[in-house]
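The next block holds one structure in the form of structure tokens; read it before the comments.
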Amino acid sequence: MSESKGWWQAGAVGGLCGAVLALGVSRWLPPAVPPQSPTPAPQAAETLVDEGAKQFVERCLSHIKNHRLEEFAQEAKQSRAVVAEEDLKKFLERLQRDRELSLRSFGPPLGEYELLRVTAPSPSLVRFIYLERFERGAVWWVFVLYRTPERWQMAWVDWGANLAILFAGLS
């Protein structure tokens with residue numbers, strides 16, 4: 001029995017010494033700092049775009065807002081987004097038909113265009129996506145602009161009322 005008492009005493013003394021040593025070390029050494037996780041790159045609030053491109057799109061939206069659909073169609077023709085006279089006629093007919101449908105379906109426009117996204121894959125190419133708000137709905141507008149050596153021009157334009165299209169490709 002004295003032999004088992006010795007083991008027990010040795011274990012108690014060893015545990016007590018270990019506790020005192022751990023307490024002393026923890027008081028003298030600074031606490032370990034966990035490694036920081038890498039900070040995610042900040043997201044740009046807005047893609048930087050040439051002011052001339054913005055002004056071009058705002059002028060086009062102004063034509064729509066002020067019911068100057070023929071002037072908007074002429075912007076498309078001057079930019080060569082619509083080339084032939086027959087194409088210009090079809091473009092204008094679609095625009096007028098869709099505006100009438102939007103007014104009947106959604107009520108009067110609120111005169112507000114929300115910029116949803118700007119994508120500029122190069123300094124010469126930019127896409128603007130806008131939401132035109134009506135009392136009871138909305139219409140999306142997509143403008144793709146190309147910068148020639150002289151000016152910005154409309155390379156493509158489209159619009160529609162199916163808002164689900166705006167979420168294509170978003171995760």
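The values are calculated or read from the model by the stated rules, or taken from the named source; none is laboratory data. Treat the numbers as computed from the prediction; the structure is a model and nothing was measured. Positions of Cβ are backbone-derived with ideal geometry, glycine not excepted, and every protein chain shown enters the neighbour counts. Please note that ligands, DNA and RNA were not included when accessible areas were found on the heavy atoms of the full protein model with its side chains. Shrake-Rupley method; radii C 1.70, N 1.55, O 1.52, S 1.80 Å.
Table for the structure above
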| quantity | calculated |
| --- | --- |
| Cross-chain or 6+ apart pairs with Cβ under 9 Å, the range 66-86 first and touching a residue at least 40 places away in the same chain (Cβ under 8 Å), then in a loop (DSSP other than H, G, I, E, B) and surrounded by 16 or more Cβ atoms within 10 Å (Cβ to Cβ) | E75/A81; A76/V82 |
| Those residues of the range 119-141 which are of a type in the set (A, V, I, L, M) and surrounded by 18 or more Cβ atoms within 10 Å (Cβ to Cβ), in sequence order | V126, A138, V139 |
| Scan of the range 88-131 for residues that are under 21 Å from W152 (Cβ atoms) and over 27 Å from the mean Cα position of the chain (by Cα), ordered by number | L88, F91 |
| Subset of the range 102-118 [assigned to a loop (DSSP other than H, G, I, E, B) and either of a type in the set (D, E) or open to solvent by less than 50 Å² (accessible area, probe 1.4 Å) (or both)] | G107 |
| Residue match in the range 84-94 (condition: aliphatic (A, V, I, L, M) and in contact with a strand residue (DSSP E or B) (Cβ under 8 Å, 6 or more places away or on another chain)) | no |
| Close pairs (8 angstrom Cβ cut-off, 6 or more residues apart or separate chains): farther than 21 Å from E71 by Cβ in the range 96-121, polar (S, T, N, Q) and open to solvent by 40 Å² or more (accessible area, probe 1.4 Å) anywhere | V118/T47; T119/T47; A120/T47 |
| Residues located in the range 97-116, provided they are under 20 Å from R133 (Cβ atoms) and either touching a Ser or Thr at 6+ places or on another chain (Cβ under 7 Å) or of a type in the set (K, R) (or both) | R99, R104 |
| Selected residue (criterion: least open to solvent (accessible area, probe 1.4 Å)) from residues of the range 79-96 that are farther than 21 Å from I129 by Cα and part of a helix (DSSP H, G or I) | L88 |
| The range 142-171, subset charged (D, E, K, R) and outside any loop (DSSP other than H, G, I, E, B), residue least open to solvent (accessible area, probe 1.4 Å) | D158 |
